[in-house]
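Structure, as structure tokens:
Please treat every number below as a calculation from the coordinates, not as lab data. Keep in mind that this is a model prediction, so the values were computed, not measured. Note that we place each Cβ from the backbone using ideal geometry, even for glycine, and neighbour counts take in every protein chain shown.
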Amino acid sequence: MRQSLVVANWKMHGSAASAIALLQELLPVAAAASAEVAVCPPFVHLPLALQVTADSGIGVGGQNCSEHESGAYTGEVAASMLADLGCDWVILGHSERRQYFAESSELVAAKYSSVRATGLTPIVCVGETLQQREQGKAQEVVAGQLQVLMDSPLSASDVIAYEPVWAIGTGQTASPGQAQEMHGFIRQFLREHCGETAEQIRILYGGSVKAANAAELFGQEDIDGGLVGGASLDAAEFAAVINAA
Ligand code: 13P
């Protein structure tokens, strides 16, 4: 039985004050929830997020990390630094990283390897663009993004997030049926490459998840929770998403 997981991706939003206020509102929500909850603020807000959520059960993670362990890489943050700070999670290969920062699947795989050496749990994002979906290539694209991670079997704690690019920040959510179809495909892919571990790996859906659609999405067999952008910046909205999981 996979425990539901709801992860907030704040992207590049928030001041220190707004981050503290939002987290404080989430503390009682997460304490009462059956789902596991994590937040991924911008790097600079990680220390305060760790402080506010200490002993609360809310996990904290980065939105990205370097593929390198250390060195002359100005502006980068190593996975080991996130772990050292006390983070539990890191998002890898978000479509915005792939699109705006030219992250290839091979680079995402290198980051994944660097994360494995730390105690962090990776949340690896996959997903197709609208054009790829319209060309009937959605599954092929997602399979390619997963294939590069398969040098060795994934760990049971690893998380995959299916985020169709056309549904991110657009208000256009994949229908529960469309999302389940891809999640089922990902599960089958994992079964073929990782054996029984596939049943334990959580597959999150991301893309315009909000209070109004969360329950139906999370009710699908292979959707184990959500990676939430915009709606995670509003405490009441995000609380409703957590409670739907
Ligand atoms: P939205 O929920 O704002 O569509 O963003 C989804 C996302 O990219 C989460 O990582």
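To make sure I understand, if each residue's beta carbon is the centre and we count other beta carbons within 10 Å, what order do MET182, MET12 fall in, fewest to most?
MET12, MET182
Using modelled amide H (1.01 Å from N, peptide plane; none on Pro or chain starts), what sits under 5 Å from the amide H of ALA8, excluding residues fewer than 5 places away?
So ALA8 has HN proximity to ALA38, VAL39, CYS40, VAL228.
I'd like the GluC sites (Glu not before Pro) in the range 164-245 restricted to DSSP loop residues with at most 10 other Cβ atoms within 10 Å, sorted by number.
GLU221
Under 10 Å from the Cβ of ALA245, count the other residues' Cβ atoms, weight Lys and Arg +1, Asp and Glu -1, and hand me the total.
-2
Can you give the longest run of the chain that contains no chymotrypsin sites (Phe, Trp or Tyr not before Pro) sitting in a DSSP loop with at most 16 other Cβ atoms inside 10 Å?
102-245
Assuming 0.36 nm per residue, please report the length gained on full extension of the stretch LEU130 to PHE101 beyond their Cα-Cα distance.
Length gained, LEU130 through PHE101: 8.5 nm.
Can you check what the net charge comes to around LYS210, using other residues whose Cβ is under 12 Å from the Cβ of LYS210 (Lys, Arg +1; Asp, Glu -1)?
Local net charge: -3.
Using +1 on the beta carbon of Lys and Arg, -1 on that of Asp and Glu, and nothing else charged, what's the dipole of the chain about the Cα centre, debye to 20?
For the chain, the charge dipole is close to 240 debye.
Along the range 54-59, what does the Karplus equation 6.51 cos²θ - 1.76 cosθ + 1.60 (θ = phi - 60°) give for ³J(HN,Hα), rounded to whole Hz, x for Gly and Pro?
Per residue, the Karplus-derived 3J(HN,Hα) values read 3, 6, 9, x, 7, x Hz.
What order do you get for ARG187, ARG2 when you list them from fewest to most C-beta neighbours inside 10 Å?
Lowest count first: ARG2, ARG187.
Grab the DSSP H runs of the chain that are 4 residues or longer, score each as -39,500 (n - 2.57), total them, divide by all residues and round the 222 nm result to the nearest 500 deg cm²/dmol.
Taking each H run of at least 4 residues, the total per residue is -12000 deg cm²/dmol.
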